[in-house]
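Below: the structure, in structure tokens.
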Amino acid sequence: SAVISQKPSRDICQRGTSLTIQCQVDSQVTMMFWYRQQPGQSLTLIATANQGSEATYESGFVIDKFPISRPNLTFSTLTVSNMSPEDSSIYLCSVVEGTQYFGPGTRLLVL
Amino acid sequence: AQKVTQAQTEISVVEKEDVTLDCVYETRDTTYYLFWYKQPPSGELVFLIRRNSFDEQNEISGRYSWNFQKSTSSFNFTITASQVVDSAVYFCALRATVGNAGNMLTFGGGTRLMVKP
């Protein structure tokens, strides 16, 4: 099974600032996914990140707010831009390798 | 469109009781995958099982068992002799195997299980 790490594991940020979350996988994968889990809620897909092409965003998520990079087959970043308290969530990176695995998540609190 | 419904938002049991978590799904796809994940208080999402839509055999893994009923579009999860460490939020999820939807997991709302000593 894929081993996924995320940095940072948690952060507290001021509104109006941006945070970049890193996701590292121990094997090469074609697609990486970014999910958001708002407090007490289920998981929602933000975007799919393919290496060498622009990320594909789901309805309700835009590139200006959540820019994504995918420089190689083992790494991706998600930036949460111009944050507001409504962005307080757990952000999870995910890959498909046989089944679908998730990173440990980044807990973000925006004050 | 795909949809996963976990009607039980919260269940509370006493240790050693058996508990079943319900999952009902909707999809137009003929082939798809169903998943269960556990999310303990620490927040990580732990993979429990994946089931292909063609495989309707029930599965047992230790105290865990899964009942897949394609006729009723249900994929229920039973924990036998529950333990305090089973306390977590459990998510059922669906993934189609074709088209753009094949990239995406659709999650149910989750069921919070509390096992009391």
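The values are calculated or read from the model by the stated rules, or taken from the named source; none is laboratory data. Just so it is clear, the model here is predicted, and its values are computed rather than measured. So basically every Cβ, Gly included, is an ideal-geometry build from the backbone, and we count neighbours across all protein chains shown.
Tell me which residues, restricted to region B:19-33, are in a strand (DSSP E or B), under 23 Å from B:G62 (Cα atoms) and out of contact with any helix residue (DSSP H, G or I) (no Cβ under 9 Å at 6 or more places or on another chain).
B:T20, B:L21, B:Y33, listed by residue number.
Inspect all residues belonging to region B:60-76 and state whether any of them is touching a Leu at 6+ places or on another chain (Cβ under 9 Å), surrounded by fewer than 16 Cβ atoms within 10 Å (Cβ to Cβ) and farther than 18 Å from B:F107 by Cα.
Yes, there is a match, as at least one residue in region B:60-76 is touching a Leu at 6+ places or on another chain (Cβ under 9 Å), surrounded by fewer than 16 Cβ atoms within 10 Å (Cβ to Cβ) and farther than 18 Å from B:F107 by Cα.
Yes/no per residue for (1) outside any loop (DSSP other than H, G, I, E, B); (2) within 9 Å of chain A (Cβ to nearest Cβ):
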{"residue": "B:E17", "(1), (2)": "no, no"}
{"residue": "B:F35", "(1), (2)": "yes, yes"}
{"residue": "B:E44", "(1), (2)": "no, yes"}
{"residue": "B:E56", "(1), (2)": "no, no"}
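Under the condition of being outside any strand (DSSP E or B) and in contact (Cβ under 8 Å) with a residue 24 or more places away in the chain, which residue from region A:23-53 is nearest to B:Q2 (Cα to Cα)?
Per the stated criteria, the residue is A:Q38.
Check whether at least one residue in region A:54-65 is within 14 Å of chain B (Cβ to nearest Cβ) and either in contact (Cβ under 8 Å) with a residue 60 or more places away in the chain or assigned to a strand (DSSP E or B) (or both), and report yes or no.
Among the residues of region A:54-65, at least one is within 14 Å of chain B (Cβ to nearest Cβ) and either in contact (Cβ under 8 Å) with a residue 60 or more places away in the chain or assigned to a strand (DSSP E or B) (or both), which makes the answer yes.
Of all residues in region A:86-100 being at pLDDT 90 or above and over 19 Å from A:S18 (Cβ atoms), which is nearest to the other protein chains (Cβ to nearest Cβ)?
A:S94
At the interface with chain A (Cβ under 10 Å from one of its Cβ atoms) and in contact (Cβ under 8 Å) with a residue 40 or more places away in the chain: does that describe B:Q39?
When the stated conditions are applied, B:Q39 passes them.
Evaluate the following for B:Y90: is it modelled with pLDDT under 95, among the hydroxyl-bearing types (S, T, Y) and in a strand (DSSP E or B)?
no
What number of residues in region B:62-79 are in a strand (DSSP E or B) and within 16 Å of B:Y90 (Cα to Cα)?
10
Pick out the one residue from A:T17, A:T30, A:T79, A:T74 that is of a type outside the set (A, V, I, L, M, F, W, C) and within 14 Å of chain B (Cβ to nearest Cβ).
The conditions single out A:T30.
Considering region B:62-87 alone, what residues qualify as being without any contact (Cβ under 8 Å) to a residue 60 or more places away in the chain and either touching a Ser or Thr at 6+ places or on another chain (Cβ under 9 Å) or within 14 Å of chain A (Cβ to nearest Cβ) (or both)?
Listed by number, the residues that qualify are B:G62, B:R63, B:Y64, B:S65, B:W66, B:N67, B:F68, B:K70, B:S73, B:N76, B:F77.
Please pick out the residue among A:Q51, A:Q100 that is of a type outside the set (D, E, K, R) and either surrounded by fewer than 19 Cβ atoms within 10 Å (Cβ to Cβ) or more than 25 Å from B:V46 (Cβ to Cβ) (or both).
None of the others qualify; the one that does is A:Q51.
Within region A:75-91, track down each residue that is closer than 9 Å to A:K65 by Cα and in a strand (DSSP E or B).
Listed by number, the residues that qualify are A:T79, A:V80.
Which of the residues spanning region A:1-41 are of a type outside the set (A, V, I, L, M) and buried (at least 18 other Cβ atoms within 10 Å of the Cβ)?
Answer for region A:1-41, where residues must be of a type outside the set (A, V, I, L, M) and buried (at least 18 other Cβ atoms within 10 Å of the Cβ): A:Q6, A:C23, A:F33, A:W34, A:Y35, A:R36, A:Q37.
Do the conditions hold for A:I12, that is, is it more than 30 Å from B:Q8 (Cα to Cα) and either within 14 Å of another protein chain (Cβ to nearest Cβ) or touching a residue at least 12 places away in the same chain (Cβ under 8 Å) (or both)?
In short, yes.
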